[in-house]
Number of protein chains: 2
Amino acid sequence: MPSDQTRASILDAAERLYAERGFGEVTLRDIVAAAGVNLAAVNYHFGSKDALIAELFVTRGVATNRARLTELKEAETAGNGRADVKAILRALVGPTLRGCLGPDNQQSTAAHFMIRASIESVPPIRRIKNREIDHLRKFAAAIRRALPDCDDADLYWGLHFALAMAHQTIRDTERLTKLSEGKCDLDNVEALIERIVDACAMMLTAANRTPARTETASSTIRRAEKLKN
Amino acid sequence: MPSDQTRASILDAAERLYAERGFGEVTLRDIVAAAGVNLAAVNYHFGSKDALIAELFVTRGVATNRARLTELKEAETAGNGRADVKAILRALVGPTLRGCLGPDNQQSTAAHFMIRASIESVPPIRRIKNREIDHLRKFAAAIRRALPDCDDADLYWGLHFALAMAHQTIRDTERLTKLSEGKCDLDNVEALIERIVDACAMMLTAANRTPARTETASSTIRRAEKLKN
DNA sequence: GTCTATATGCAGATAGAC
DNA sequence: GTCTATCTGCATATAGAC
């Protein structure tokens, strides 16, 4: 068996098992058993468990980011350099949601792995995470072009909440399903994407409209002041 | 030293350490060192590490839920049995946000612990979590009274997203702070609460207004259909 | 490059003296 | 109830033969 084959088998098995069960629950022994290779091969090829996780996080993160950026570029060219806000938000949350909640044939272990990585922020991953910020800046810039008058803070909050909604929905499908007794359909990913996109677009544009925004801001401040006393 | 004292010391130390560093990173030896008691005391008083975590989760969960329900009752009596939607949402997300992001003297280790518990869903916690559903039903019922015409699914999605936004903001303050270069003020908890409450109230009432809702739903379906081909 | 065998370390749990 | 000392098991990592 050529060396690259062993390496790839380990990466594939590790990605799948980590995505399914989490870093804490999967041992190197589990991985080598699933990959059909020897235990020592992991340390030979990657040096350590942490290095294996780090390599997975980098390569799979690149894959996810590429999917998002492809959709973003499409939206921007379709709008002659200024994409529609909803299209931008769709590019941000769509790939991950489809990769984790979509029909089985569309799901990607990469997306599942990245969600797992964000849930269990183990040391090797924490060290790398800063690159995500640069990636998000591209979406912030796109929204800035789409909504030139939008307040900076509102813009970042909008991005943050879009990711929060998508992410939390993936992580905890069970609670919502039980609470709603099946009335919230988590299998209809496209409807879910639109729900999140609509909500965040509403936040961004409501913040952008001067009257509504002033009203919100002043009511906020009024309440905040009241509570200080 | 009386027995209850040892028990309480262990609970306090465990809660604090788990909240700060997570279950995977804290050993029983760390806990007994911080509590100033003997290692064997943990197993004597609680039986196992898992039982200790379970006990913490139950007692601290009750504390958090009580804080939320107190605010909910206040809102309902203020509205003569039918609370304002925003007041309901405020009761849902306010206590946890204040307990985790508010000024130091208002923060509670219980709130931090509960957030940690929801991040690292270790086995002992997963087994108990169902009670949360019953707790949330009370908020669903309150919203149902406040917005009798609101669609069931929209209502549950609104609750879900409110928790998602609050929760994710607590868990990942760092990314937003860095991304926004400090422009998103995470120290102003009351403003944050209003931001989340306003956004979710907007979702709920926009879904409730028949014209807007129909429009959203149909655009969603249109897009979903388009993507199937 | 791949294997077997083993070193090393730390975790949770327990036996038994006091 | 509380302590010391120890058992047991499992995880990562490595040494060294092939």
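Sort B:Thr27, B:Thr177 so that the residue with the fewest other Cβ atoms within 10 Å of its own Cβ comes first and the one with the most comes last.
B:Thr27, B:Thr177
Using mean Cβ contacts within 10 Å as the protection proxy, how do A:6-12, A:113-119, B:99-105 order, highest first?
Highest-to-lowest ranking by the protection proxy: A:113-119, A:6-12, B:99-105.
Grab the other residues whose beta carbon is less than 11 angstrom from that of A:Arg66, score K and R as +1, D and E as -1, and report the net.
Within the 11 Å Cβ shell, the charges total +2.
What is the angle, in °, between the Cα long axis of helix A:210-228 and the longest principal axis of the Cα atoms in chain A? Nearest 10 is fine, range 0 to 90.
Taking the Cα atoms of chain A, the angle to A:210-228 is about 80 degrees.
Hey, what do the phi angles of the range B:40-48 turn into as Karplus ³J(HN,Hα) couplings, whole Hz, using 6.51/-1.76/1.60 and θ = phi - 60°, x for Gly and Pro?
Running phi through 6.51 cos²θ - 1.76 cosθ + 1.60 with θ = phi - 60° gives 5, 4, 4, 5, 5, 7, 10, x, 6 Hz.
Mind putting a number on the dipole of the range A:124-197 about its Cα centre? Charges go on the C-beta only, +1 for Lys and Arg and -1 for Asp and Glu, and I need it in Debye to the nearest 20.
It comes to approximately 480 debye.
Taking each label point as 7 Å beyond Cα in the direction of the beta carbon, state the distances from B:Ser121 to the same residue in the other copies, shortest first, in nm.
2.0
Please compute the volume of the convex hull spanned by the alpha-carbon atoms of the range B:68-131 and report it per residue in Å³.
103
Over the alpha carbons of the range B:62-202, what is the largest minus smallest coordinate on each principal axis, giving the biggest first in Å?
The Cα atoms of the range B:62-202 stretch 41, 38, 30 Å along the principal axes, largest first.
Using the alpha-carbon atoms, what tilt in degrees (0 to 90, nearest 10) does helix A:189-208 show relative to the longest principal axis of chain A?
For A:189-208 against chain A, the angle is about 40 degrees.
Normalising by the residue count of the range A:68-120, find the relative contact order in percent from Cα pairs under 8 Å and 6+ residues apart.
Normalised by residue count, the contact order of the range A:68-120 is 25 percent.
Convert each backbone phi in the range A:60-68 into a coupling constant with the Karplus relation 6.51 cos²θ - 1.76 cosθ + 1.60 (shift: θ = phi - 60°), then list the ³J(HN,Hα) values in order as whole Hz, x for Gly and Pro.
Residue by residue, the range A:60-68 yields 6, x, 4, 4, 4, 4, 4, 4, 5 Hz.
What nm distances, shortest first, do you get from the label point of A:Asp12 to those in the other copies when the point sits 7 angstrom along Cα to Cβ?
Result for A:Asp12, in nm, nearest copy first: 5.5.
If you take the charge dipole of the range B:1-91 about its Cα centre, with +1 on Lys and Arg Cβ and -1 on Asp and Glu Cβ, which of B:Phe46, B:Val26, B:Ala63 is farthest toward its positive end?
The one lying farthest along the dipole's positive direction is B:Ala63.
Can you sort B:Asp151, A:Asp185, A:Asp198 by how many other beta carbons sit within 10 Å, fewest first?
A:Asp185, B:Asp151, A:Asp198
Holding the Cα-Cα limit at 28 Å, pick out from B:Lys49/B:Lys138; A:Lys49/A:Lys138; A:Lys73/A:Lys129; B:Lys73/B:Lys183 the pairs that are longer than that.
Where the Cα-Cα span goes over 28 Å, the pairs concerned are B:Lys49/B:Lys138; A:Lys49/A:Lys138; B:Lys73/B:Lys183.
For the range B:65-123 and the range A:20-76, compute the distance between their C-alpha centroids and round to whole Å.
After rounding, the separation between the Cα centres reads 37 Å.
Compute the Kirkwood hydrodynamic radius of the range B:1-47, taking the inverse of the mean of 1/r over all pairs of distinct Cα atoms, and give it in Å to one decimal.
By the Kirkwood definition, the hydrodynamic radius is 10.5 Å.
Give me P(r) over the protein assembly as shown, computed from all C-alpha to C-alpha distances, binned every 20 Å, as integer percentages.
Once binned at 20 Å, the Cα pair distances of the protein assembly as shown give 22, 55, 21, 1.
Using a label point 7 Å beyond Cα on the Cα-Cβ vector, give me the inter-copy distances for A:Asp30 in nanometres, one decimal, shortest first.
Result, one decimal in nm: 2.1.
Once phi is turned into ³J(HN,Hα) by the Karplus curve 6.51 cos²θ - 1.76 cosθ + 1.60 with θ = phi - 60°, what whole-Hz value does each residue of the range A:137-149 show in order, with x for glycine and proline?
These are the phi-based 3J(HN,Hα) values: 4, 5, 6, 4, 5, 5, 5, 4, 5, 6, 10, x, 8 Hz.
For the residue pair A:Ser3 and A:Glu74, what label-to-label distance in nm results when each label sits 7 Å from Cα along the Cα-to-beta-carbon direction?
Each label point lies 7 Å from its Cα, and together they span 3.9 nm.
Calculate the FRET efficiency for B:Ala40 and A:Gln107 from the Cβ-Cβ distance with a Förster distance of 45 Å, rounded to the nearest 0.05.
Computed FRET efficiency for B:Ala40 and A:Gln107 comes out at 0.40.
Could you put A:Arg131, A:Arg68 in order, starting from the residue whose Cβ has the fewest other Cβ atoms within 10 Å?
The order, fewest Cβ neighbours first, is A:Arg131, A:Arg68.
For the range B:154-192, which GluC sites (Glu not before Pro) pass both filters: DSSP loop (anything but H, G, I, E, B) and at most 16 other C-beta atoms within 10 Å?
Loop-located and lightly packed - B:Glu181.
Under the rule of -39500 (n - 2.57) per DSSP H run of 4 or more residues, summed and divided by the residues of the protein assembly as shown, what mean residue ellipticity at 222 nm is obtained, to the nearest 500 deg cm²/dmol?
That calculation yields -25500 deg cm²/dmol at 222 nm.
The numbers here are math on the coordinates, done by the rules we state, and not lab data. Note that the structure is a prediction, hence the values are computed from the model and not measured. Cβ: placed from backbone, ideal geometry, glycine included. Neighbour counts: every protein chain shown.
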